[in-house]
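Visitor: Below is a structure I'd like to ask you about.
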Amino acid sequence: MKILVLIGNVPDTTTKIKFNADKTAFDANGVQWIINPWDELALTRAMELKEAPGSTVETIVVANVGRAETEGTLRKALAIGADKAIRVDADPLDAAYVATQLARFAGEFDLVFAGIEASDYNGNAVGGMLAEMLGINSVSAVSGLNIEGSQVIVNREIDGGSQTLGVSLPLLAIVQKGIAKEPRIPAMRGIMMARTKPLEVLQPVDAQPLTAIRTFEMPQPKAACRKIGEDQAKELIYLLRDEAKVL
Amino acid sequence: MSNILTNQIIMNFELTEEQIMIQQAARDYAQRELIKDVIERDTKAEYPTHHIQALSSLGFMGMMVDPIYDGGGMDTVSYVLAMEELSKVDASVSVIVSVNNSLVCYGLQKYGNEEQKQKYLKPLARGEKIGAFLLSEPEAGSDATSQKTLAEDKGDYYLVNGTKNWITNAHSGSVYLLIAQTHPEKKHKGINVLIVDKDTPGISLGPHEDKMGMRSSDTHSVMFTDVKVPKANRIGEDGFGFKFAMQVLEAGRIGIASQALGLASGAMERAVAYAKERKAFGKFLFEHQAISFKLAEMAVKVENARNLCLKAAWLKDNGKPYGVASAMAKQYAADTAMEVTTEAVQIHGGYGYVKEYHVERLMREAKLTQIYEGTSEIQKIVISRDLLK
């Protein structure tokens, strides 16, 4: 069995977000890039499946659409344990564009993992689009996944409970938190071996993005919070009625 | 002429992708795992068995050892980055890592013969065995030439008698690198270094030292009574021991310097975070110049310490003399650790004096970095001697 894990290259989650002067692009100056946290969990689950006793998983390939500077992120995925990386050499213009690029080779895999969203643009779209383009099964919001012969047993979080599905391969699983406990820390040996693992660079196919960014806005700064003591109910009512004027 | 005075500057500060990966791996492990039980282990003086196992499987116990001897094959710059990250959270764990890496594994890899490397270096690099370095004695600390432990030449073995003090990993470790005197009349040129299995008959340990800091690492005195060590376990020629010890300590200093750096930067990060959340007199602490200037001074010192550590590591990685650079790094980083951790406690006020806020522990641990693997005063001797060359 061959597994493909889609790897988003996203700013470190502690990054202070800034935009360019006309607010049409993210200012990537000085940003440290990481593997999208959901994708990192997906990779961890893929590794667990490969390492399980009697596993039929032969290879794990990671892929992204991005320029050369995203190779650090792919090499970290190789250091964690993926066998091969593929980079489509293009700017990830939008979800449809990215899915189109990935669709060229994603069909060769039995199981494709996509994170439920990326921690940068929260697009929530590449996985679903790619499954449609490939014409294969897809399940979203997957928080548990096991392989049983030719079936994949999938757990999903649903409102107020959970659901277990049996799905046949090939499958694209859009995974969320819970798919693996914690992302793996790459071992020294893995970091060393990442140097020698293949990282294939593909030229993009012709495709047009379906969306264009008009503008970005920062969220309004939160107003200062005021704490009212538990024995100050009168004060609270006064503030809500006369100052905030919501009563 | 002195390397300090010739002032050949190195100017490439960019880390490689691999170095960044190692730094992140160490940071992730420290911030995710070590932080969970560091206070409890400090309080109970409990050895971090499961952390050392985990760090071994990640490859941190022999990270600079050649992969042909099961090591990680990483450079010293990577080692400095990893040591800083681990030490920000837990200097007890990082001293275990440091002794194994930069004293024991380094010494064996550089000066051991092939047989010794196969037998001892491999399990040490994998972290299956832990090493200890036995130099200090009850009456020979900084004055390492006056070794009283005897290793008498008995033909095909050495007969060892004496006592070693303040030995990190004495209990948890099973491979000892022992410095002992064979030819007292030759003074330091009569000293040998022997690889000793801890389970050799005649070795006994003193009680666990109840230390001020680094309490989760094990420190004991080690007594040798008629201990037979095969000749094959001597590293290098007869009388090589003192030179071995000095060479290995030159490398080891980079490890402890980076530990001190981590204590300082860890305390600074906590002080900055606290100054951003705590208010006094209606303003955040960092809005008071008395506090913000302290933070600025900390930042400059930490940056200097980091640069000195990385420069010493770079020199070592590039085959250039690094003894003075590592002495400067150790002296400056250790003194910085003491100053910065003390100020971090001050910024935290009363909270800084209780265990929950971590900085008091960092302050207790910082003190040791000015003492072990060459006191700050010894480092100044090394530096000043170089000036007179």
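Visitor: Please verify whether residue B:78 is in contact (Cβ under 8 Å) with a residue 60 or more places away in the chain and either farther than 25 Å from residue B:192 by Cα or assigned by TED's automatic domain parsing to the domain that holds residue B:199 (or both), treating the condition exactly as stated. Can you show your working first?
Guide: Numbers: in contact (Cβ under 8 Å) with a residue 60 or more places away in the chain: yes; either farther than 25 Å from residue B:192 by Cα or assigned by TED's automatic domain parsing to the domain that holds residue B:199 (or both): yes.
Yes.
Visitor: Of the residues B:71, B:112, which is over 13 Å from the mean Cα position of the chain (by Cα), in contact (Cβ under 8 Å) with a residue 24 or more places away in the chain and more than 20 Å from residue B:29 (Cα to Cα)? Reasoning before the result, please.
Guide: Details: B:71 fails: more than 20 Å from residue B:29 (Cα to Cα).
When all the criteria are applied, what remains is B:112.
Visitor: Out of (1) at pLDDT 95 or above; (2) within 14 Å of another protein chain (Cβ to nearest Cβ); (3) farther than 17 Å from residue A:46 by Cα, what's the single condition that is false for residue A:186?
Guide: So the condition that residue A:186 fails would be (3).
Visitor: Could you list, in sequence order, all residues of region B:119-152 that are touching a residue at least 40 places away in the same chain (Cβ under 8 Å), out of contact with any Gly (no Cβ under 8 Å at 6 or more places or on another chain) and open to solvent by 70 Å² or more (accessible area, probe 1.4 Å)?
Guide: Of everything in region B:119-152, those that are touching a residue at least 40 places away in the same chain (Cβ under 8 Å), out of contact with any Gly (no Cβ under 8 Å at 6 or more places or on another chain) and open to solvent by 70 Å² or more (accessible area, probe 1.4 Å) turn out to be B:128, B:138.
Visitor: Would you confirm whether or not region A:4-27 contains a residue that is in a helix (DSSP H, G or I), modelled with pLDDT under 95 and crowded, with 21+ Cβ neighbours inside 10 Å? Let's see the steps before the verdict.
Guide: From region A:4-27, those in a helix (DSSP H, G or I) are none; that's our starting set.
No; the residues of region A:4-27 include none that is in a helix (DSSP H, G or I), modelled with pLDDT under 95 and crowded, with 21+ Cβ neighbours inside 10 Å.
Visitor: If you take the residues in region A:149-183 that are closer than 30 Å to residue A:68 by Cα and β-branched (Val, Ile, Thr), which one is farthest from the other protein chains (Cβ to nearest Cβ)?
Guide: A:174
Visitor: Can you say whether residue A:103 is small (Gly, Ala, Ser), farther than 25 Å from residue A:203 by Cα, part of a helix (DSSP H, G or I) and modelled with pLDDT of 95 or more, as far as the supplied structure shows? Reasoning before the result, please.
Guide: Details: small (Gly, Ala, Ser): yes; farther than 25 Å from residue A:203 by Cα: no; part of a helix (DSSP H, G or I): yes; modelled with pLDDT of 95 or more: yes.
Here the answer is no, as residue A:103 does not meet what is asked.
Visitor: Ok, one more. Could you tell me whether region B:184-206 includes any residue that is in a loop (DSSP other than H, G, I, E, B) and among the charged types (D, E, K, R)?
Guide: Filtering region B:184-206 for residues in a loop (DSSP other than H, G, I, E, B) gives B:198-202, B:206.
Remaining after also requiring among the charged types (D, E, K, R): B:198-199.
Yes; the residues of region B:184-206 include at least one that is in a loop (DSSP other than H, G, I, E, B) and among the charged types (D, E, K, R).
Visitor: Sticking with this one: If we scan region B:10-33, do we find a residue that is more than 14 Å from chain A (Cβ to nearest Cβ) and assigned to a helix (DSSP H, G or I)? Write out each step before concluding.
Guide: Taking region B:10-33 and keeping what is more than 14 Å from chain A (Cβ to nearest Cβ), we get B:10-13.
From what is left, the residues that are assigned to a helix (DSSP H, G or I) are none.
No - not one qualifying residue is present in region B:10-33.
Visitor: Within region B:171-208, count every residue that is at pLDDT below 95 and buried (at least 19 other Cβ atoms within 10 Å of the Cβ).
Guide: Residues in region B:171-208 being at pLDDT below 95 and buried (at least 19 other Cβ atoms within 10 Å of the Cβ): 0 in total.
Visitor: In addition: Among the residues of region B:53-68, is there at least one that is more than 14 Å from residue A:187 (Cα to Cα), open to solvent by less than 50 Å² (accessible area, probe 1.4 Å) and away from every other protein chain (no Cβ under 12 Å)? Before you say what the answer is, go through the steps one by one.
Guide: First pass over region B:53-68, keeping only residues more than 14 Å from residue A:187 (Cα to Cα): B:65-66, B:68.
Next, from what is left, pick out any that are open to solvent by less than 50 Å² (accessible area, probe 1.4 Å): B:65.
Filter once more, so that each one left must be away from every other protein chain (no Cβ under 12 Å): none.
Checked region B:53-68: no residue is more than 14 Å from residue A:187 (Cα to Cα), open to solvent by less than 50 Å² (accessible area, probe 1.4 Å) and away from every other protein chain (no Cβ under 12 Å).
Visitor: Report yes if some residue within region B:78-95 is over 24 Å from residue B:338 (Cβ atoms) and over 19 Å from the mean Cα position of the chain (by Cα); otherwise report no.
Guide: no
Visitor: Next up: Residues of region A:173-199 being open to solvent by 10 Å² or more (accessible area, probe 1.4 Å) and part of a strand (DSSP E or B), which ones?
Guide: Answer for region A:173-199, where residues must be open to solvent by 10 Å² or more (accessible area, probe 1.4 Å) and part of a strand (DSSP E or B): A:174, A:199.
Visitor: Return yes when residue A:219 is under 30 Å from residue A:22 (Cα atoms), at pLDDT 95 or above and away from every other protein chain (no Cβ under 14 Å) and no when it is not. Give the derivation first.
Guide: Numbers: under 30 Å from residue A:22 (Cα atoms): yes; at pLDDT 95 or above: no; away from every other protein chain (no Cβ under 14 Å): yes.
Considered against the rule, which asks whether it is under 30 Å from residue A:22 (Cα atoms), at pLDDT 95 or above and away from every other protein chain (no Cβ under 14 Å), residue A:219 comes out as no.
Visitor: In region A:43-54, what residues are in contact (Cβ under 8 Å) with a residue 24 or more places away in the chain and more than 13 Å from every other protein chain (Cβ to nearest Cβ)? Walk me through how you get there before you give the answer.
Guide: Here is the first cut: in region A:43-54, the ones in contact (Cβ under 8 Å) with a residue 24 or more places away in the chain are A:43-50.
A:43, A:45, A:46, A:47, A:48, A:49, A:50, listed by residue number.
Visitor: Assess whether residue B:55 counts as being assigned to a helix (DSSP H, G or I), touching a strand residue (DSSP E or B) at 6+ places or on another chain (Cβ under 6 Å) and closer than 21 Å to residue B:261 by Cβ. If you could, list the steps in order and put the result at the bottom.
Guide: Details: assigned to a helix (DSSP H, G or I): yes; touching a strand residue (DSSP E or B) at 6+ places or on another chain (Cβ under 6 Å): no; closer than 21 Å to residue B:261 by Cβ: yes.
Here the answer is no, as residue B:55 does not meet what is asked.
Visitor: Does residue A:66 fit the bill of being open to solvent by 20 Å² or more (accessible area, probe 1.4 Å) and away from chain B (no Cβ under 14 Å)? First the steps, then the outcome.
Guide: Working: open to solvent by 20 Å² or more (accessible area, probe 1.4 Å): no; away from chain B (no Cβ under 14 Å): yes.
The answer is no for residue A:66.
Visitor: Out of the residues in region B:295-333 that are over 23 Å from residue B:273 (Cα atoms) and small (Gly, Ala, Ser), which is most open to solvent (accessible area, probe 1.4 Å)? Before you say what the answer is, go through the steps one by one.
Guide: Residues of region B:295-333 over 23 Å from residue B:273 (Cα atoms): B:307-332.
Pick out the ones that are also small (Gly, Ala, Ser) and you get B:312-313, B:319, B:323, B:325-327, B:329.
Numbers: B:312: 1, B:313: 0, B:319: 72, B:323: 11, B:325: 19, B:326: 0, B:327: 0, B:329: 0 Å².
Top of the filtered list is B:319.
Visitor: For region B:302-314, which residues satisfy the criterion of being over 16 Å from the mean Cα position of the chain (by Cα) and under 16 Å from residue B:379 (Cβ atoms)?
Guide: Filtering region B:302-314 down to residues over 16 Å from the mean Cα position of the chain (by Cα) leaves B:302-304, B:307, B:311, B:314.
Within region B:302-314, B:304, B:311 meet the criteria.
Visitor: When you go through (1) over 22 Å from residue B:199 (Cα atoms); (2) part of a helix (DSSP H, G or I) one by one for residue B:74, which number turns out not to apply?
Guide: All conditions pass for residue B:74, except number (2).
Visitor: Next question, about the same structure. For the structure I just gave you, tell me whether residue A:209 is assigned to a loop (DSSP other than H, G, I, E, B), within 14 Å of chain B (Cβ to nearest Cβ), surrounded by 11 or more Cβ atoms within 10 Å (Cβ to Cβ) and under 24 Å from the mean Cα position of the chain (by Cα). Break it down into steps so the answer makes sense when it comes.
Guide: Values: assigned to a loop (DSSP other than H, G, I, E, B): yes; within 14 Å of chain B (Cβ to nearest Cβ): no; surrounded by 11 or more Cβ atoms within 10 Å (Cβ to Cβ): yes; under 24 Å from the mean Cα position of the chain (by Cα): yes.
Criteria not met by residue A:209.
Visitor: What are the pairs with Cβ atoms under 7 angstrom where one residue, in region A:214-237, is closer than 30 Å to residue A:93 by Cβ and touching a residue at least 12 places away in the same chain (Cβ under 8 Å) and the other, located anywhere, is open to solvent by less than 90 Å² (accessible area, probe 1.4 Å) and aromatic (Phe, Trp, Tyr)? Sequence gap at least six, or different chains.
Guide: Listed by first residue and then by second, the contacts come to A:216/A:19.
Visitor: Check region B:252-264 and report whether any residue there is assigned to a helix (DSSP H, G or I) and either surrounded by fewer than 16 Cβ atoms within 10 Å (Cβ to Cβ) or on the phi > 0 side of the Ramachandran plot (or both). Quick ask: steps written out before the conclusion?
Guide: In the first step, residues of region B:252-264 are kept if they are assigned to a helix (DSSP H, G or I); the result is B:252-264.
If we keep only those that are either surrounded by fewer than 16 Cβ atoms within 10 Å (Cβ to Cβ) or on the phi > 0 side of the Ramachandran plot (or both) too, we end up with none.
No, the conditions are met nowhere in region B:252-264.
Visitor: Also, quick follow-up: Sort out which residues of region B:360-389 are open to solvent by 10 Å² or more (accessible area, probe 1.4 Å), of a type in the set (Lys, Arg) and part of a helix (DSSP H, G or I), and write them in order of number.
Guide: Residues of region B:360-389 that are open to solvent by 10 Å² or more (accessible area, probe 1.4 Å), as a first pass: B:360, B:363-364, B:367-368, B:370-375, B:377-378, B:380-385, B:387-389.
Of the ones still in play, those that are also of a type in the set (Lys, Arg) are B:364, B:367, B:380, B:385, B:389.
The answer is B:364, B:367, B:380, B:385.
Visitor: In addition: Report the residue count in region B:271-294 for those that are surrounded by fewer than 18 Cβ atoms within 10 Å (Cβ to Cβ), among the aromatic types (Phe, Trp, Tyr) and in a helix (DSSP H, G or I).
Guide: Summing the residues that are surrounded by fewer than 18 Cβ atoms within 10 Å (Cβ to Cβ), among the aromatic types (Phe, Trp, Tyr) and in a helix (DSSP H, G or I) in region B:271-294 gives 1.
Visitor: Considering each of B:25, B:30 in turn, give the residue that is under 13 Å from residue A:192 (Cβ atoms), aliphatic (A, V, I, L, M), touching a residue at least 12 places away in the same chain (Cβ under 8 Å) and outside the structural domain of residue B:263 (by TED's automatic domain parsing). Break it down stepwise before answering.
Guide: Numbers: B:30 fails: under 13 Å from residue A:192 (Cβ atoms).
Result of the check over B:25, B:30: B:25.
The values are calculated or read from the model by the stated rules, or taken from the named source; none is laboratory data. On a predicted model such as this, the values are computed, not experimentally measured, just so you know. Ideal geometry is used to build each Cβ from the backbone, glycine not excepted, and the neighbour counts take in all protein chains shown. When the accessible area is computed, the model is the full protein with side chains, heavy atoms only, and any ligands, DNA or RNA have been set aside. Shrake-Rupley method; radii C 1.70, N 1.55, O 1.52, S 1.80 Å.
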